[in-house]
1. Is there a residue being farther than 16 Å from A192 by Cα and open to solvent by 20 Å² or more (accessible area, probe 1.4 Å) anywhere in region 67-78?
2. Taking into account only those residues within region 230-262 that are assigned to a loop (DSSP other than H, G, I, E, B) and farther than 18 Å from G290 by Cα, which is farthest from the ligand (Cβ to nearest atom)?
3. For I319, all conditions in the list (1) within 16 Å of the ligand (Cβ to nearest atom); (2) over 20 Å from G26 (Cα atoms); (3) open to solvent by less than 50 Å² (accessible area, probe 1.4 Å) hold save one; what is the number of the exception?
4. How many residues does region 218-242 contain that are more than 18 Å from A65 (Cβ to Cβ) and in contact (Cβ under 8 Å) with a residue 60 or more places away in the chain?
5. Any residue in region 93-112 that is touching a residue at least 60 places away in the same chain (Cβ under 8 Å) sitting within a Cβ distance under 8 Å of a residue that is within 16 Å of the ligand (Cβ to nearest atom) and of a type in the set (F, W, Y)? List the pairs, counting only those 6 or more apart or interchain.
6. I'm told V148 meets every condition in (1) within 16 Å of the ligand (Cβ to nearest atom); (2) surrounded by fewer than 24 Cβ atoms within 10 Å (Cβ to Cβ); (3) modelled with pLDDT of 85 or more except one. Can you identify the failing condition by its number?
7. Of all residues in region 277-292, count the ones that are open to solvent by less than 10 Å² (accessible area, probe 1.4 Å) and not in a loop (DSSP other than H, G, I, E, B).
8. Quick check on my filter: what residues within region 196-210 are part of a loop (DSSP other than H, G, I, E, B) and buried (at least 24 other Cβ atoms within 10 Å of the Cβ)?
Amino acid sequence: MKVTEDRMSVSIAAPEVNTWSLAIHGGAGTIDRAKLTPENEKLYRDGMKAALAAGEAVLSKGGSALDAVEAAVWVLEDDPMFNAGRGAVFTAEGQCDLDAAIMDGAMGRAGAVAGIRRTKSPVSLARAVMERSKHVFLMGVGAEAFSVEQGLEQVEPEYFHTDKRWQQYLKWKQGIILSEIDPEHRFGTVGAVALDQAGHLAAATSTGGLTGKLWGRIGDSPVIGAGTMAKDGVCAVSCTGTGEYFIIESAGRQICDRIQWNHEDVQSAADNTLSAIGRIGGDGGLIAMGGDGTVAFSLNTAGMYRACVSSNTAAKTWIFANEAGE
Ligand code: ASP
């Protein structure tokens, strides 16, 4: 696939290699190989494979990248192993405040929500904002009111609670550093990027944010151009990590700009952006997909739950920074 630029336009050729492609992540962090039990490792890998299967079912039949990223994120939001939807971390006040975003690279449209407490699927609410409102970003009670108005499934806040996260929260309240008590501690967030058979890209991200977040804090995940970004023919990105730094470096936008204007390949653009984030103190990881469906993973932590599949490659999952994948 070639992206040719003149002063004002980008022309998009059909993908030469992948007719469709999908990558997902389930958060990055200090994932200690020695302490991750085989049972939990299997649960993470199975969860990622289920998300890939949901997205693949859409893409292989010629469905849209937008539907595929939403379908993959649904699975991860429902899976209590991941910090998004059910299984989200707790705020300083002991609540689950959920953030999500989705972006359609075909139309340059996006939707995002923050501080969600009752909508079962925050990513679907983000999509409703994109498709059924005049706005891009809704928060808190207003976003919840829109969600009810749109008929999205509502749940009691307790639906999102899991005992594992509650115990982490109690430890956090005692001042214990989470990475010391939880060998799987990570910047949980889930995300997906996809290329469909029509050559369109999309990205989606959903998260509970960081344990103990204060004062209505919002991370990078729902910030378009930071934690989530998609632009046809250029790239689609979903990030995880210390969101403040990803916002400051405009992570998603930076990767796209490096590819489009600096002619970097997708892996270099991802790595260079993460280096910039690292230089100012941020850590985490990201998934990026080039306009031809090429997948790039980049992380500066010990691990990141990540996986991909495409029309010409079998599904594969990775957890640790250095592993062959399985
Ligand atoms: N990036 C997310 C945030 O800052 C957290 C994460 O990835 O775990 O809210």
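The values are calculated or read from the model by the stated rules, or taken from the named source; none is laboratory data. In this text the structure is predicted, and so the values were computed from the model without any measurement. As a convention, Cβ positions derive from the backbone with ideal geometry for all residues, glycine included, and neighbour counts pool all protein chains shown. In case anyone asks, the SASA skips ligands and DNA or RNA and just uses the protein heavy atoms, side chains included. Shrake-Rupley method; radii C 1.70, N 1.55, O 1.52, S 1.80 Å.
1. No, region 67-78 contains no residue that is farther than 16 Å from A192 by Cα and open to solvent by 20 Å² or more (accessible area, probe 1.4 Å).
2. Here the answer is E249.
3. (2)
4. 7
5. Pairs found: G94/Y169; C96/F90; C96/F160; L98/F160; A112/F137.
6. V148 satisfies every listed condition except (1).
7. Of the residues in that region, 8 qualify.
8. D196, G208, G209
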